[in-house]
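One structure below.
The values are calculated or read from the model by the stated rules, or taken from the named source; none is laboratory data. Just so it is clear, the structure is predicted and the values come from calculations on it, not from any experiment. No Cβ is skipped: glycine too gets one built from the backbone with ideal geometry, and neighbour counts run over all protein chains shown. Please note that ligands, DNA and RNA were not included when accessible areas were found on the heavy atoms of the full protein model with its side chains. Shrake-Rupley method; radii C 1.70, N 1.55, O 1.52, S 1.80 Å.
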Amino acid sequence: DTPVYYFDMGTHRHAAELDFAHRLLSAQCRNLAAFGFEANRDAWQCASRALAGEPRVQMIHLAVGFEIPESGKLRLYHSPDGGLGDSSYRRSDSFEDVDVVRFSDWLRTNGVDPARSVCLLRMNIEGAEYDVIRDLLQAGLADSIDGYFGMWDDVSKIDVAADRDFRALLAKHGIRPFTFNGRDLES
């Protein structure tokens with residue numbers, strides 16, 4: 001009866017990874033809650049519709065970050081790929097301002113205690129993975145995450161020096177993400 005939480009950050013329009021993980025974990029866990037975080041409003045709406053019939057899945061329209069602006073908003077720049085490359089780090093002419101939160105604050109506000117549950121975290125958030133990891137480390141929660149998933153290669157596409165720091169931080173704290181993204185679901 002241990003609570004199991006699956007967090008999927010950057011679900012994009014179809015939330016395929018979230019759907020897959022939810023179905024897999026639902027077969028094994030009685031006390032499962034799955035959360036999909038998507039900053040792009042259109043993608044969030046599409047993903048919410050796609051998973052509307054799943055009572056243990058909740059879609060969250062928020063960006064996650066480390067340094068939260070006083071306004072509580074983050075500028076999300078749209079990519080020309082229909083939302084697949086939207087990022088707060090890659091500037092473009094098209095954007096939206098989105099509410100942003102530190103993931104550790106969201107966990108605390110929503111009564112999730114990673115130390116007393118199983119927490120799985122998948123991220124594909126176009127460079128903001130570094131922000132989430134710094135937040136979890138600062139909050140003392142990184143060791144309580146039971147599984148890290150995703151590619152986490154976007155930092156290198158944005159800033160090579162920042163990626164070196166990111167990789168060093170992951171290694172220093174023994175965080176080894178298991179590759180899991182949409183390409184893993186293609187048949």
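Quick notes on this one:
- Applying the set (1) open to solvent by 70 Å² or more (accessible area, probe 1.4 Å); (2) in a loop (DSSP other than H, G, I, E, B) to Arg167 leaves exactly one unmet item: (2).
- One residue stands out among those in segment 1-26 that are at negative phi, outside any helix (DSSP H, G or I) and buried (at least 24 other Cβ atoms within 10 Å of the Cβ): the one that is nearest to the chain's Cα centre (by Cα), which is Met9.
- Of all residue pairs spaced 6 or more apart or on separate chains, those with beta-carbon atoms under 8 Å, a first member in segment 47-68 that is under 27 Å from Val155 (Cβ atoms) and aromatic (Phe, Trp, Tyr) and a second member that is at pLDDT 95 or above and crowded, with 20+ Cβ neighbours inside 10 Å are Phe66/Arg102; Phe66/Tyr130; Phe66/Asp131; Phe66/Val132; Phe66/Asp135.
- Boolean, Ser87 is at pLDDT below 95, crowded, with 18+ Cβ neighbours inside 10 Å and within 17 Å of the chain's Cα centre (by Cα): yes
- The one condition in (1) in contact with a helix residue (DSSP H, G or I) (Cβ under 6 Å, 6 or more places away or on another chain); (2) open to solvent by less than 30 Å² (accessible area, probe 1.4 Å) that Cys29 fails to fulfil: (1)
- The set of residues in segment 32-56 that are open to solvent by less than 20 Å² (accessible area, probe 1.4 Å) and touching a strand residue (DSSP E or B) at 6+ places or on another chain (Cβ under 8 Å) comprises Leu32, Ala34, Gly36, Phe37, Glu38, Ala39, Asn40, Ala47, Leu51.
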